Amino acid sequence: MSRTDGHLNWLFARQRFGVHPGLGRVQELLSRVRNPQHAFQTVLVGGTNGKGSTAAVLASILNADGRRTGLFTSPHLTHFAERFQVDGQQLPPETVDAGLDRLRLHAEDTGATFFEIVTALGTLLFAEAGVQTAVMEVGLGGRLDSTNALDPVLSVITNVSLDHTDILGNTLEAIAAEKAGILRSGCPAVTGVAADFLPLLRATGADLWALGQELQVQTRSLGWQGAEVALRLPDNALEFQTPLLGAHGARNAALAAAAAWRLGVGRAAIRAGAAATRWPGRLEILPSGGLPWRGARVLLDGAHNPDGARALAATLLDLGVPPLPVIFGAAEDKDVGGVVQALRPHVSHAVLTRATLSPRAAAAADLAPLFAGLPVTLTDSPGEALAVLAALNPPLALACGSLYLIGELRPLLLGTAGEDRERWQ
């Protein structure tokens with residue numbers, strides 16, 4: 001076992017300690033490594049769905065503007081180092097390992113959780129890489145999420161829907177209040193939340209621009225090429241294209257463009273950065289590569305809650321995709337019934353499986369009743385699910401339901417290696 005493996009095995013073992021919201025531990029951890037977060041500007045991006053894609057678009061735009069930009073996202077799809085990108089490239093594993101080596105004793109002394117350590121690691125790596133602006137995706141909620149220990153120059157809240165209700169509360173109002181915690185009085189912010197929640201966000205004193213009010217968006221679908229976006233701002237207007245699929249992808253790109261504008265980025269960089277965005281595993285089309293059904297395509301999407309599934313379903317309609325074979329797996333603690341309800345009209349054959357590295361994954365047999373009335377095949381692993389798909393030989397298939405599942409399927413499709421570590425967060 002290499003030293004790198006040893007540090008990562010130690011870190012991943014801490015996932016089992018669970019999530020313990022609060023800022024005290026991460027603040028202490030950051031102070032012990034001399035507060036690296038003070039070396040760069042921070043943008044916090046929160047919300048129930050779409051925060052990762054919004055963060056990715058914003059980071060791409062800032063990079064196109066010539067700023068040395070860090071992008072911190074979670075969870076990773078396949079490799080842990082994906083969480084830490086600088087100027088569009090993930091940091092080398094040995095660099096990540098060196099950062100973990102410096103944090104490990106401090107993390108043990110403070111009792112820091114998995115995500116608190118990962119957040120501190122991101123700030124340390126970005127400071128040492130000379131990052132000017134770090135776009136930090138919020139992990140869970142906002143108010144007590146470890147990323148909120150940083151002091152943002154701008155915050156983004158994409159939307160609010162029911163998810164993680166055991167931690168954030170079982171009403172939309174409670175969840176909105178938690179997410180509003182990343183806003184700062186007097187600081188710029190942009191949001192796409194429903195109008196009902198805007199008074200709660202405005203009460204923070206943030207200088208807020210909201211979709212449907214200060215921001216007006218019009219989009220035109222370009223099919224599999226993405227969308228054209230026309231964004232009217234309080235002081236100007238922008239037009240650009242995004243490769244993100246679906247109306248929700250265009251909306252997330254609009255939020256990112258508005259955030260970039262408020263950070264002083266000009267039109268040319270917004271157009272270039274938005275067009276250059278890549279966000280793997282979220283409405284991503286991959287070829288079947290070296291699999292027996294070469295020439296077919298697989299659409300990957302991490303839709304894991306009802307709102308995400310409804311956005312996926314709307315995108316399939318927009319693209320004119322008829323019912324198709326679907327590889328599906330989900331975490332047992334999610335509203336799987338709500339997800340499947342949105343997807344059922346688009347399923348011709350359900351190939352049910354589980355992410356083998358996720359102890360939270362539901363067994364395929366437990367998912368089967370949700371697909372009653374449809375052809376169903378049960379499998380025990382993503383590899384077996386792809387073998388079933390090969391026998392069906394469709395021109396296009398969909399895989400969705402869990403980002404952990406997508407993270408295991410993607411390297412199989414690309415013919416690359418994955419990571420063999422248990423996934424909880």
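The values are calculated or read from the model by the stated rules, or taken from the named source; none is laboratory data. Given the structure is predicted, the values throughout are model-derived calculations rather than measurements. Neighbour counts are summed over all protein chains in view; Cβ atoms, including those assigned to glycine, are modelled from backbone coordinates with ideal geometry. Heads up: the accessible areas ignore ligands, DNA and RNA and are worked out on the full protein's heavy atoms, side chains in. Shrake-Rupley method; radii C 1.70, N 1.55, O 1.52, S 1.80 Å.
Key figures
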item	result
Test result for Ala259, open to solvent by 30 Å² or more (accessible area, probe 1.4 Å), of a type outside the set (D, E, K, R) and at pLDDT 95 or above	no
Hits in the stretch 222-239 - residues which are surrounded by fewer than 22 Cβ atoms within 10 Å (Cβ to Cβ) and in a loop (DSSP other than H, G, I, E, B)	Leu222, Leu233, Pro234, Asp235, Asn236
Residue match in the stretch 272-283 (condition: open to solvent by 10 Å² or more (accessible area, probe 1.4 Å), out of contact with any Asp or Glu (no Cβ under 6 Å at 6 or more places or on another chain) and either part of a strand (DSSP E or B) or on the phi > 0 side of the Ramachandran plot (or both))	no
Selected residue (only one of Thr191, Thr219, Thr242 is in contact (Cβ under 8 Å) with a residue 24 or more places away in the chain, open to solvent by 40 Å² or more (accessible area, probe 1.4 Å) and not hydrophobic (A, V, I, L, M, F, W, C))	Thr219
Residues within the stretch 375-413 that are touching a residue at least 60 places away in the same chain (Cβ under 8 Å), out of contact with any Pro (no Cβ under 9 Å at 6 or more places or on another chain) and open to solvent by 20 Å² or more (accessible area, probe 1.4 Å), tallied	1
Single residue of the stretch 309-335 satisfying the filter (β-branched (Val, Ile, Thr) and not in a strand (DSSP E or B)) that is farthest from Leu389 (Cα to Cα)	Thr315
Members of the stretch 336-369 that are outside any strand (DSSP E or B) and closer than 15 Å to Ala303 by Cα	Val336, Gly337, Gly338, Val339, Val340, Gln341, Ala342, Leu343, Arg344, His346, Arg354, Ala355
Subset of the stretch 240-271 [on the phi > 0 side of the Ramachandran plot and not in a helix (DSSP H, G or I)]	Gly264
Phe80 being under 13 Å from the mean Cα position of the chain (by Cα), open to solvent by less than 10 Å² (accessible area, probe 1.4 Å) and of a type in the set (A, V, I, L, M, F, W, C)	no
